[in-house]
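Peer 1: Pasting a structure below so you can have a look.
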Amino acid sequence: MSEEQIANNAASAESGSAVELEEDFASLLEKSVASERLQPGQKTKAQVVSISGDLVYIDLGGKSEGVIDLAEFMDESGAPCVSVGDEIEAFFVNVQDGIRKLTTLVNGYSAVTLNVIRDAFDAGIAVSGEVRREVKGGFEVSIGGVRCFCPFSQIDLKGGREGGLYLGRTFPFRVIEFENNGRNVIVSRRVILDAERKERIVQLKQSLSVGMDVEGTIRSVQNFGAFVDLGGIEGLIPASELSWDRAARPQDLLTEGQKVNVRIISLDWDRNRLALSLKASQPDPWTGVADRFTVDGRVTGVIVRLVPFGAFVRLEPGVEGLIHISNLGAGRRINHPKEVVEAGQQIEVYVLDVDPVKRKISLSVQPKPKPQAVVLPAVGEVFDGTVEKVMPYGVFVKLPGGLSGLVPNAEMGTPIGTDHKKQFVPGAEMKVAVIDVDKAAAKVRLSRKAVMDKVVEEEVTQYRESVKTAMGEPSSSSSLGSLGDILRAKMEEKAQAGS
């Protein structure tokens, strides 16, 4: 090997050693900084490095160590259940005389002293306790043999006076008061549950969105809907969103504790209100409704409610139709649907119309009458009609056969300003002529003036013909001068008869 290669290898080795030393230093520094940043109640994982006297020493990184009371690791026989090299999870309490104090109480170790409980109070960490019995105002809780007190209001988020739900069970508690050297220790489970709930709410706010389907648990059922626990936050399913069947009662659909899949339809984080829908996650019964209920078809349903303008009929769950009051009397006039039907009654009806978009079905107790062909009159025909109604713009006249037509004011043949309502009352006869026909719209335009002009023209024609016959002038084109001669001759005859 050449001198140059030897030199290069030596330099490389020195460089590698420097890198390793740099990495080790960085690692130690990081561990040291991490240990210095421990906050009361902070959780850490560390290895047991030694056990001496009543203390268990753990490695916190770098040259930093922490201690835990050996009493926390004693089994029922009083023997320690921890060894050097074990990796444990502990919670930082505080620094006493320059030594970092930690505890594992949150994991349920049972050997506890008042000093340990005071440390847990100072650090604000949870301890495990068993609810032993119900006492005045709350429960007696045993934390490693130390008697503590938990008020009713602090055992749960909503308080709890049902001792049977808690007695004999072990829960994590937070020490909220430590007085008189441990003679008065008050603990709370509620503060832990509340902190967990707030954390879940933060997570839910980040994950939930309108239109999302989520699973929840029915907390309570009311007449106006049902409250659902979504795992830390509650939402309401309004009664209208429980089922497509509007007649269904909330109590008949849901029970407390039932698991449901619901859809989020609105979110209001300012007021922590969530509106949910159960029916939105179910098939829409109006899909394909036009195929199931055809026009002119006959169906059976149940009357679910009466209103002044008709009766609603449930044809199937989630699908209702309306019998309008005009289609309910079977040909006779009624003032209210209750005169002929009642809620809960089963009824056979005919389908008049189906509108899936508007979710409307029109029904009738009688089949829809078949439309009759309308025979329109020809222009120029004259009819004896009847005044139907008078409007500001003209008069409607009913013609023989049931067809109606309009006589505009300009075709009435009356002086300008005539009050047609006083002169032509409904039911009065009126002779009219057809002046226009709209076949597409089946509308007829009429004229009274045209009839009056035609009558005058016919009378003049007849008079002229009679005069011509009397004068022996068969010509049909006599002038007005001939008519004057006739009148003068008539006057002379009258004068001679009087002399």
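Peer 1: For region 163-175, how many residues meet the condition of being surrounded by 12 or more Cβ atoms within 10 Å (Cβ to Cβ) and either free of Cβ contacts under 8 Å to residues at least 40 places away in the same chain or on the phi > 0 side of the Ramachandran plot (or both)?
Peer 2: Going through region 163-175 one residue at a time, the tally reaches 3.
Peer 1: If you don't mind, another one. When you go through (1) among the polar types (S, T, N, Q); (2) modelled with pLDDT of 85 or more; (3) under 18 Å from GLU65 (Cβ atoms) one by one for GLN96, which number turns out not to apply?
Peer 2: The number of the failed condition is (2).
Peer 1: Given the options ARG314, ARG298, name the one that is within 21 Å of TRP244 (Cα to Cα) and modelled with pLDDT of 90 or more.
Peer 2: Answer to the check: ARG314.
Peer 1: Quick check on region 415-426: of everything there that is touching a residue at least 12 places away in the same chain (Cβ under 8 Å) and either out of contact with any strand residue (DSSP E or B) (no Cβ under 7 Å at 6 or more places or on another chain) or surrounded by 15 or more Cβ atoms within 10 Å (Cβ to Cβ) (or both), which residue is farthest from PRO377 (Cα to Cα)?
Peer 2: HIS420
Peer 1: When you scan region 307-316, do you find a residue that is in contact with a Gly (Cβ under 6 Å, 6 or more places away or on another chain) and outside any strand (DSSP E or B), even just one?
Peer 2: No, because not a single residue in region 307-316 is in contact with a Gly (Cβ under 6 Å, 6 or more places away or on another chain) and outside any strand (DSSP E or B).
Peer 1: Looking at (1) of a type in the set (Gly, Ala, Ser); (2) out of contact with any Asp or Glu (no Cβ under 6 Å at 6 or more places or on another chain); (3) closer than 26 Å to PHE309 by Cβ; (4) surrounded by 12 or more Cβ atoms within 10 Å (Cβ to Cβ), find the lone condition where SER362 falls short.
Peer 2: (2)
Peer 1: Restricting attention to region 359-380, report how many residues are more than 18 Å from GLU316 (Cβ to Cβ) and modelled with pLDDT of 90 or more.
Peer 2: 1
Peer 1: Same structure, new question: Assuming GLY137 fulfils every condition listed in (1) in the same structural domain as VAL175 (by TED's automatic domain parsing); (2) of a type outside the set (Phe, Trp, Tyr); (3) buried (at least 17 other Cβ atoms within 10 Å of the Cβ) apart from one, which condition is it?
Peer 2: All conditions pass for GLY137, except number (3).
Peer 1: Sticking with this one: Output the number of residues of region 366-424 satisfying the condition of being assigned to a loop (DSSP other than H, G, I, E, B) and aromatic (Phe, Trp, Tyr).
Peer 2: Number of matching residues: 2.
Peer 1: Is it the case that region 307-316 has a residue that's within 30 Å of VAL214 (Cα to Cα), surrounded by 13 or more Cβ atoms within 10 Å (Cβ to Cβ) and either outside the structural domain of ILE233 (by TED's automatic domain parsing) or over 23 Å from the mean Cα position of the chain (by Cα) (or both)?
Peer 2: yes
Peer 1: Can you name every residue in region 427-449 that is without any contact (Cβ under 8 Å) to a residue 40 or more places away in the chain and closer than 20 Å to MET391 by Cβ?
Peer 2: ASP438, ALA441, LYS443, LYS449, listed by residue number.
Peer 1: Kindly list the number of the only condition in (1) of a type in the set (Val, Ile, Thr); (2) buried (at least 16 other Cβ atoms within 10 Å of the Cβ); (3) not assigned by TED's automatic domain parsing to the domain that holds VAL135 that fails for ILE186.
Peer 2: Here ILE186 meets the rest and fails (3).
Peer 1: Pull up region 160-184, narrow it to residues that are assigned to a strand (DSSP E or B) and of a type outside the set (D, E, K, R), then point me to the one that is nearest to VAL93 (Cα to Cα).
Peer 2: VAL175
The values are calculated or read from the model by the stated rules, or taken from the named source; none is laboratory data. Remember, it's a predicted structure, so these values are computed and weren't measured experimentally. Cβ: placed from backbone, ideal geometry, glycine included. Neighbour counts: every protein chain shown.
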